[in-house]
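The values are calculated or read from the model by the stated rules, or taken from the named source; none is laboratory data. Only a predicted model underlies this, so the values are computations on that prediction, with no experimental measurement involved. Here the Cβ is made from the backbone with ideal geometry for all residues, glycine too, and neighbour counts use every protein chain on show. Heads up: the accessible areas ignore ligands, DNA and RNA and are worked out on the full protein's heavy atoms, side chains in. Shrake-Rupley method; radii C 1.70, N 1.55, O 1.52, S 1.80 Å.
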Amino acid sequence: MKFDIIASSLALAPLVAAHGAVTSYQIGGKTYPGYDGFAPANSPSTIQFPWPNYDPTMTPTDPKMRCNGGSSAKLSAPVQSGQNVTAIWKQWTHAQGPVMVWMFKCPGEFGSSCTGAGKGWFKIDQLGLIGAGPLNSNNWGTALVMKNLKWSSRIPANLAPGNYLIRHELLALHQANTPQFYAECAQIVVSGSGSYVPSGNYLYSIPTYAPMSDPGIMVDIYTNGASTSYTPPGGPVDSGLQ
Ligand SMILES: *[C@@H]1O[C@H](CO)[C@@H](O)[C@H](O)[C@H]1NC(C)=O
Ligand SMILES: [Cu+2]
């Protein structure tokens, strides 16, 4: 009987095999379930924006680029500045490409007034090549996600308190010049006594924070396999964040 159950659950999810999505979060010792796109439509309320499936977004201009399709969540999670947010993936299968973690400060409440629209996204964390790589190796941020199925980022200690979206983005580069973006968003309420929010050149709209032609997006990791240099698209983390 056990075999029957395994076989039928595999049969129901034939497209799941090659991709992935953030499926839960750990914050301050608590686990917050994410949305499960493969669950029944009455999936419980989550801190995460709903998303339809594990499929990649293939171009940075696609509206799905922002949060894999969703635009708000029913719940939010509290986090103190300086504390970590850990994203968990049920599965992840690509070992080449950067991990980028972004935040967006809501002008006010969550919901329709905080969908992540506008030039308000900034990075808090990213990892492209580990050490010297090279490009055709498994020395990449996403290889650590494949190994650990999680990614932990510190909410900057000096970040101004408020309602924020946090967006975990994996950019898979295993197909030459065919980038695959995987991004999910969640709602977090940051507390603390900081007052810093990145501005100017550190702020981006999603979509489209970089063009398809960006050298961090349009990459052939095989032809240039020995290269030891790679710059993730969307600029650096603001060094004013502490
Ligand atoms: C918190 O996140 C930082 C990266 O921002 C990481 O270096 C550190 O190991 C994380 N701490 C924990 C306890 O996971
Ligand atoms: Cu995939």
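Quick notes on this structure:
- Converting phi to 3J(HN,Hα) with the Karplus coefficients 6.51, -1.76 and 1.60 and the offset θ = phi - 60°, region 76-82 yields 9, 10, x, 8, 7, 4, x Hz in sequence order, with x at every glycine or proline.
- Global geometry of the chain, whether rounded, prolate or oblate, following the gyration tensor of its Cα atoms and the 1.5 cut on a/c: oblate
- Nonpolar atom fraction for the chain, defined as the carbon and sulfur part of the 1.4 Å probe accessible area, stands at 56 percent.
- The HN-Hα couplings worked out from phi for region 98-105 by the Karplus form 6.51 cos²θ - 1.76 cosθ + 1.60 (θ = phi - 60°) are x, 9, 9, 10, 10, 10, 9, 8 Hz, whole numbers, x standing for Gly and Pro.
- Local electrostatic count at Thr46 - Lys and Arg +1, Asp and Glu -1, tallied over other residues with Cβ under 9 Å: 0
- Shape metrics for region 121-233, restricted to C-alpha atoms - Rg then Dmax, Å: 15.7, 49
- Ranking of Lys123, Lys90 by solvent-accessible surface, largest first: Lys90, Lys123 (1.4 Å probe, protein heavy atoms only, all chains present).
- Burial order of peptide ranges 64-73, 218-227, 202-211 (average beta-carbon count within 10 Å, highest first): 64-73, 202-211, 218-227
- Relative contact order computed over the chain (Cα-Cα under 8 Å; 6+ residues apart), in percent: 24
- Isotropically averaged projected area of region 31-169, using the convex hull of Cα atoms (one quarter of hull area), nm²: 9.2
- Phi angles across region 169-181 convert, under the Karplus curve 6.51 cos²θ - 1.76 cosθ + 1.60 with θ = phi - 60°, into 3J(HN,Hα) values of 10, 10, 10, 8, 10, 6, 9, 4, 6, 9, x, 10, 9 Hz, Gly and Pro given as x.
- Whether region 46-101 is rounded, prolate or oblate, judged on the alpha carbon gyration tensor where a/c under 1.5 counts as rounded: oblate
- Net lengthening on full extension, Ser43/Lys119 (0.36 nm per residue, minus Cα-Cα): 24.2 nm
- Residue among Gln96, Ile130, Ser191 farthest towards the positive dipole end of region 20-205, charges placed on Cβ: Ser191
- Ranked order, Ile155, Ile130 - accessible area, probe 1.4 Å, largest first: Ile130, Ile155
- Distance (nanometres) between label positions extended 7 Å along Cα→Cβ at Ser239 and Asn84: 2.5
- Lysine pairs meeting the criterion (Cα under 12 Å, 8 or more apart or interchain), as found in region 20-205: 4
- Dipole check for the chain: with +1 at the C-beta of Lys and Arg, -1 at the C-beta of Asp and Glu, and the Cα centre as origin, the magnitude is about 420 Debye.
- Averaged per residue, region 20-205 has 39 square angstrom of accessible surface, using a 1.4 angstrom probe with ligands and nucleic acids left out.
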